[in-house]
Each structure stands twice: as structure tokens, then as C-alpha cells.
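Asks: Got a structure here, written out as C-alpha cells. Questions coming.
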Amino acid sequence: MPRCPCCNARLRGAAVCPRCQADLCAGIAAGQAARWWLGRAIDDWQAGSREQALQALQRSLWLEKTPLAVHFRNFLIAQCRKELLEFLAQKELFLAKRLLYRCRSLLPLSGQLRQLQTFTDYLLVKQGFEAGALQEAAGQE
């Protein structure tokens, strides 16, 4: 943290602001924890643990929104969109819905993710109606 969030004084690595005497230990600890969670998210992604990577990145962003964390979030969402489209093509709607839920927690106001969620909900409803029609037809025979 280069500057005090209270008075904007230069800190030069101090845990207490030299100007306003604000205790910045909690903010410094949050920044360190955010970097740790971001590192864990990257490690989990490299290990192939998508769910853990998304959770760790979300925790990192809650603590501090660094440019690196935001870029990694955008990368993960782009990767999730590709995987989501594959799930939809394979008609794995519940897997798609679960992945969408996790991605929307990272970027809740994304228009693209919102449209994909609406489309996935439509497909789930349609699939439910088709299953009901098939059961009706089988019962009439």
C-alpha cells in the first residue's frame, strides 16, 4: 500500500500513517491475503481444479481488486464461456447451470453471462416440457 487510504500520505512501508496515525495493519494483511488467494487460484487452475480456482479468485477479489486479479478473472470467464458452450452443445444443462452460477459470482453484471443464463434456463424448461410430453404420450399408448 503506497498511500494512506485516510489522508493520502506516502507510507514508505509503514504500518501506521506518519501523518494521521491510522493503523493500517488490517489493510496490509488484507492485501497479503488477497495475493495469497490469487496465487492459490492460479495454482489450482494450472492443476485443473476449476472449481477451487474460481473460489480462490473470488476470495482474492473480495479482499482486494488488483489489476492482475481482474485480468485473471476475465481470462477465467472467457475459458468458462467456452466450456459452457460445449456443455450446452452436449445438452449437459445442469453442468452448464452450475458453471454459470460460479462464473456469475465473479462477474454478476456481465451481459453475456446473463444472456447465457437466460438461454440455459430456457433449455432446461424446454427439456422439462419435452420430458413431460414424452411421458404423456407413453401413458396414452
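The values are calculated or read from the model by the stated rules, or taken from the named source; none is laboratory data. Fair warning: this is a prediction, and the values are worked out from it, not measured in the lab. Every residue, glycine as well, gets a Cβ built from its backbone with ideal geometry; the counts of neighbours run over all protein chains shown.
Asks: Which members of the range 32-44 meet the condition of being over 11 Å from ALA69 (Cα atoms) and touching a Leu at 6+ places or on another chain (Cβ under 7 Å)?
Replies: ALA33
Asks: In the range 26-45, which residue that is loosely packed, with under 13 Cβ neighbours inside 10 Å and modelled with pLDDT under 95 is farthest from the chain's Cα centre (by Cα)? If you could, list the steps in order and put the result at the bottom.
Replies: First, the residues of the range 26-45 that are loosely packed, with under 13 Cβ neighbours inside 10 Å: 26, 29, 32, 39.
Within this subset, residues satisfying the condition of being modelled with pLDDT under 95 are 26, 29, 32.
Details: ALA26: 24, ALA29: 22, GLN32: 20 Å.
Once the filter is applied, the top-ranked residue is ALA26.
Asks: Can I ask one more? Any idea which residue in the range 72-120 is surrounded by the most Cβ atoms within 10 Å (Cβ to Cβ), counting only those that are within 9 Å of the chain's Cα centre (by Cα) and modelled with pLDDT under 85?
Replies: Per the stated criteria, the residue is CYS103.
Asks: Looking at the range 93-106, I want the residues that are farther than 18 Å from ARG73 by Cβ and have a partner that is part of a helix (DSSP H, G or I) and hydroxyl-bearing (Ser, Thr, Tyr) with Cβ atoms under 9 Å, at least 6 apart or on another chain. Which pairs are those?
Replies: Cβ pairs passing all conditions: LEU93/THR120; ALA96/THR120; LYS97/THR120.
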